[in-house]
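No lab work stands behind these numbers, since they all come straight from the coordinates. All figures in this text were calculated on a predicted structure; none of them were measured in a lab. Here Cβ is always computed from backbone atoms with ideal geometry, including for glycine, and neighbour counts include all displayed protein chains.
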Amino acid sequence: MSADPGATGRFADYGPPRRVEGGLRARSTRGAIGHSWWSRRFLEVLESFALGTRLTRGRSYARAGQVLDLDIAPGVVTARVQGSRAQPYRVTISLAPFPAALWDRVEAELAAQAFFSARLLAGDLPAELEELFAAAGAPLFPAGVGELTQRCSCPDHAVPCKHLAATFYLLAEAFDADPFALLHWRGRRRADLLDRLRALRARTNAGGDEAGSAAPAPTRDAAPGSARDGGTGRVLPAVGAARALAALPAGPLADAVDRFWAVPVPLPDRPPSLATGPDLLLRQLGAPGAALGGPGLVERLGPAYREFGRYRPEADRRPPQP
């Protein structure tokens, strides 16, 4: 925090904050701020630092629209907050981004598990992601207040002051609107992360296809339908057509025609499905620019998308005719 020279003694004389037109107003008007697991987890860490009434005053500032703007970049969040003075206060919240080598390790872990890749590519952050980051030595959330560097140009020496606290709450709502903003703060842009995951998944899938198409002929000690890797001698599992043909006899095809089209593995009664919400497209596209409404526009459109998802035309609600 940087103090205004000569202002400390007069700090108690400052009146209420100046009214703001067009500020970033918290969408929550009462109770807790933040509804996703990642924004609530972020605020739980903040509130665990026992910061007392400063957070309460910060919530009031956030709900009154005193934060003029908010920008998230790798390692640093900046904002301008209107207080009682004519000039808005400048706020910065810094958290060390993960180094590139650590991100490479995390991305390899994410790409190795289709569950994480599918959820991230769908614009969602699964709760298991926090454990994966922690296991890779990259905790998503700060473990202590000392990991954060907080600065405000106001004369209040308290850290955080109400201007910093207001920024924290608006930051949590920005994470609600775009979960990738949290990962951006930790050092990886949304587009870069998703491009990297697609490339790693494509490489994995291509490797599996090559193993199936270029596998050498089976040896006597290999299982039916499997093949031996000529480079390592490791027995490769049967894939693709080799798996389906492994159980067929070596004689004429006519002797096994009744089983030729049978699936090698029993199929489930119902095909698997990925449960998605009607606002999936909003999460995939990310938050628009400030000129279109920024992260707040995503939050305002979300209820409409969910309402559209519940709507069923009258023809679909009619019982089937005998």
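In whole Hz, with x marking every Gly and Pro, tabulate ³J(HN,Hα) for region 160-177 from phi via Karplus 6.51 cos²θ - 1.76 cosθ + 1.60, θ = phi - 60°.
x, 7, 5, 6, 5, 4, 4, 5, 4, 5, 5, 5, 4, 5, 5, 5, 4, 5
Please sort by residue number the trypsin sites (Lys or Arg not before Pro) in region 168-207 whose DSSP state is loop and whose Cβ has at most 16 other Cβ atoms within 10 Å.
Answer by residue number: Arg189.
Given Cα pairs under 8 Å that are at least 6 residues apart, what percent is the relative contact order of region 92-178?
35 percent
Among Ser39, Ala112, Tyr61, which residue has its Cα furthest toward the positive end of the charge dipole of region 38-155, with +1 on Lys/Arg Cβ and -1 on Asp/Glu Cβ?
Farthest along the dipole direction, towards plus: Tyr61.
So how much slack lies between Asp195 and Ala291, counting 0.36 nm per residue of separation and subtracting their Cα-Cα distance, in nm?
Difference between extended and current length: 32.0 nm.
Provide the gained length on full extension for the span Gln113 to Ala73, in nm with one decimal, where the gain is 0.36 nm per separating residue minus the Cα-Cα distance.
11.6 nm
What are the GluC sites (Glu not before Pro) within region 53-142 that DSSP puts in a loop, where the Cβ has at most 13 other Cβ atoms within 10 Å?
Working: sites: Glu107, Glu109, Glu128, Glu130, Glu131; in loops: Glu128.
Hits after loop and neighbour filter: Glu128.
How much length, in nm to one decimal, is gained on full extension between Ala96 and Ala32, taken as 0.36 nm per residue of separation minus their Cα-Cα distance?
Value of the extension gain: 20.3 nm.
With +1 on each Lys and Arg Cβ and -1 on each Asp and Glu Cβ, and nothing else charged, work out how big the dipole of region 39-160 is about its Cα centre, in Debye to the nearest 20.
780 debye
Would you mind getting me the FRET efficiency between Ala304 and Arg105? Use the beta-carbon distance for r and R0 = 25 Å, nearest 0.05.
Step by step, r from the Cβ atoms, then E = 0.05.
Karplus couplings for region 93-103 from phi (6.51 cos²θ - 1.76 cosθ + 1.60, θ = phi - 60°), rounded to Hz, Gly and Pro as x?
My calculation for region 93-103 gives 10, 10, 9, 4, x, 6, x, 4, 5, 5, 5 Hz in order.
Under the rule of at least 5 residues apart or a separate chain, name every residue whose amide H is placed under 5 Å from the amide H of Gly123.
Answer set, sorted by chain and number: none.
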